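A short write-up of the structure that comes next.
The values are calculated or read from the model by the stated rules, or taken from the named source; none is laboratory data. All figures in this text were calculated on a predicted structure; none of them were measured in a lab. Neighbour counts run over all protein chains shown; Cβ positions are idealised from the backbone, glycine included. Surface accessibility is based on the protein's heavy atoms, side chains included, excluding ligands, DNA and RNA. Shrake-Rupley method; radii C 1.70, N 1.55, O 1.52, S 1.80 Å.
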Amino acid sequence: MSATGQVNVAVVGLGKMGVSHLAIANASRRLEVSAVCDSFTMLGQMVEKQCKIRYVADYSELISRPGLQAVIIATPTRFHDDMVRAALARGLHVFCEKPMTLSAAVSEELAADARARGLVCQVGYHNRFVGTFAEVKRLLSLGAIGTVRHVHAEAYGPVVLKPVAKTWRSQSSEGGGCLYDYAAHPINLMNWYVGEPTQCGGAELARQYSVDVEDAVYANLRFPSGVTGQVTVNWSDETVRKMSTQLSIWGDGGKIVADRQELQVYIGGTGKTQAGYDLGWTVRYITELTPSVDYYLRGEEYTAQLEGFAMAVQERQLDCVNDFKSAAETDRTLEMIRARAAMDLPEAALAANTAGVRPRGVLARVLGR
C-alpha cells in the first residue's frame, strides 16, 4: 500500500471506459493513480499535463514501476490475454474490462493463475453493482419466489443503426460484435442468478448492418436443476434511446422483473414473503436500493465496482464480486452460444455418431452430452 494506505494503481487504455475508470479511480480515497498507459502518445501526454499523472507509453515498463500494486485494463478485448498474463507475472492485482478474453480456455487459465498467486482479479461487469440487480440476487438466495424455473435476459440499444466504418466494434478479432460487447452483460447476470448453462438448444447470431460481426443474439439455454433460459439481445434497435437491460425470472412461488431503474416482485401463495415484500406485487426503485458512493460518474455502479476492487485488494479477498472465475464462466457461456449458432445440430450429431466419436468440449456441451 502507499503511505496513505491507498492502492497504487495504473490505468491502461484511455478510450471511453479507460477515461471513465481514470476519473473514478483518481477521485477514490482507496486508490492512488500513479500512471497511465496508451498507444496514442498525444492523448497520454495530454493526461500527464492536465492531470499531473505520469504517462508511460510502454506497457512492460509500466508494470515494472516500483511500488505499483494493481492495473486497470481498459483496452480492446484482444489485448487482455497478454496484458493480464504479464501483470499477474509481476504480482499485480488486476481489474479488467469485460469480456475477460476471447477464449474461455484462456480465461480459465488466467483465473487459475491469479488464484495460485493469491492476487485479487475482477472483471468490469458493472451490473452486479446496480441496486436493482443486486436485490434480485438477494431475494433469490432467500427463496422469495421458490424454485426458479425460467429466466429471460434481454438487452436492446441503438448502437449500430447503419453500416459503419471499420472500428474495433465491427471486428470479431477485436472483441467486437453484439455477443461479446453487449449480450455479455445480461448473460453475466443470468450466470449470477442461476449458474452456468449445461446446454444450448438453439442460437442465432443475426446481422442487420454489420459485416464481420452480429447485430443481434438469440439463444435458448438449459441450466442445472432443469432451469431454462432465453437470451434476446439486439444493439440495432432504434426504438430505444440507450442500452436497456432487463431480467425476468419465473419461480414456483412468484416472479421477478428487474431493469436498471425498477424492481417488480410478485410473491404468490407458495412463495416466501420478506421484509418489505408482501404477497402480491411490490415495486421498488433504484433510488431506494442504491448505496451512496463518494464520486458519481455515469452511475453509482461504476464507482462501486472500483471501490469494491480496492477493498478486495486491501483485504486480500480473492472471492470478490466478478472475480476471474465467474468471468470465465460467462466466457464459456458466450462460447457455447457462438458454437451453437455456427453449427447445424442434426448434421453435427449425425456426423459425430457416424464417425463413432463422442463429442467433446463446447460441442459436447451444445449437444448436452
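When Phe133, Phe129 are checked against the criterion of being open to solvent by 30 Å² or more (accessible area, probe 1.4 Å), aromatic (Phe, Trp, Tyr) and in contact (Cβ under 8 Å) with a residue 60 or more places away in the chain, Phe129 stands alone in meeting it. Taking the range 163-183 as the range and being of a type in the set (D, E, K, R) and out of contact with any Ser or Thr (no Cβ under 9 Å at 6 or more places or on another chain) as the test, only Lys166 passes.
Look at (1) among the acidic types (Asp, Glu); (2) at pLDDT 55 or above; (3) open to solvent by 50 Å² or more (accessible area, probe 1.4 Å) and you find that Asp344 fails only one, number (2). Looking only at the range 265-301, which residues are more than 19 Å from the chain's Cα centre (by Cα), assigned to a helix (DSSP H, G or I) and surrounded by 14 or more Cβ atoms within 10 Å (Cβ to Cβ)? Hits for the range 265-301 are Ile286, Leu289. When each of Gln305, Gln317 is tested for being farther than 30 Å from Ala216 by Cα and in contact (Cβ under 8 Å) with a residue 24 or more places away in the chain, the lone residue that passes is Gln317. Pairing residues of the range 95-116 that are within 16 Å of Asp181 (Cα to Cα) and open to solvent by 30 Å² or more (accessible area, probe 1.4 Å) with residues that are of a type outside the set (Lys, Arg) and assigned to a loop (DSSP other than H, G, I, E, B), at Cβ distances under 7 Å and at least 6 apart in sequence or on separate chains, gives Leu102/Gly175.
If the condition is being assigned to a loop (DSSP other than H, G, I, E, B) and more than 15 Å from His152 (Cβ to Cβ), then the range 191-222 contributes Gly195, Glu196, Thr198, Arg207, Gln208, Tyr209, Ser210, Val211, Asp212, Val213, Glu214, Asp215. Counting only residues that are farther than 24 Å from Glu335 by Cβ and open to solvent by less than 60 Å² (accessible area, probe 1.4 Å), how many does the range 210-245 have? The total comes to 3.
Selection of the range 158-180 for residues being without any contact (Cβ under 8 Å) to a residue 24 or more places away in the chain and in a helix (DSSP H, G or I) yields an empty set. Residue count for the range 302-333 under the criterion of being open to solvent by less than 10 Å² (accessible area, probe 1.4 Å), in contact with a helix residue (DSSP H, G or I) (Cβ under 6 Å, 6 or more places away or on another chain) and over 20 Å from Gln69 (Cβ atoms): the result is 4. Only residues that are touching a residue at least 12 places away in the same chain (Cβ under 8 Å) and open to solvent by 40 Å² or more (accessible area, probe 1.4 Å) were counted in the range 136-157, giving 6.
Residue by residue, here is whether (1) modelled with pLDDT of 95 or more; (2) touching a helix residue (DSSP H, G or I) at 6+ places or on another chain (Cβ under 7 Å) holds:
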residue	(1), (2)
Arg138	yes, no
Glu154	yes, yes
Val160	no, no
Val164	no, yes
Arg169	no, yes
Ser172	no, no
Leu179	yes, yes
Trp192	yes, yes
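When the range 230-251 is filtered for residues that are within 18 Å of the chain's Cα centre (by Cα) and either of a type in the set (A, V, I, L, M) or in a strand (DSSP E or B) (or both), the ones remaining, listed by number, are Gln230, Val231, Thr232, Val233, Asn234, Met243, Ser244, Thr245, Gln246, Leu247. So for the range 58-75 (the condition being open to solvent by 40 Å² or more (accessible area, probe 1.4 Å) and either within 21 Å of Asn322 (Cα to Cα) or touching a residue at least 40 places away in the same chain (Cβ under 8 Å) (or both)), does at least one residue qualify? Yes, the range 58-75 contains at least one residue that is open to solvent by 40 Å² or more (accessible area, probe 1.4 Å) and either within 21 Å of Asn322 (Cα to Cα) or touching a residue at least 40 places away in the same chain (Cβ under 8 Å) (or both). Remark: pairs (first residue in the range 30-53, in contact (Cβ under 8 Å) with a residue 60 or more places away in the chain; second residue of a type in the set (Phe, Trp, Tyr); Cβ separation under 9 Å; 6+ apart in sequence or on different chains) = Arg30/Phe309; Leu31/Phe309.
Would you pick out the residues in the range 9-34 that are more than 22 Å from the chain's Cα centre (by Cα), among the hydrophobic types (A, V, I, L, M, F, W, C) and surrounded by fewer than 22 Cβ atoms within 10 Å (Cβ to Cβ)? Across the range 9-34, the qualifying residue is only Ala27.
I'm checking my understanding of the structure. Among residues of the range 252-264 that are acidic (Asp, Glu) and outside any loop (DSSP other than H, G, I, E, B), which one is surrounded by the most Cβ atoms within 10 Å (Cβ to Cβ)? The selected residue is Asp259.
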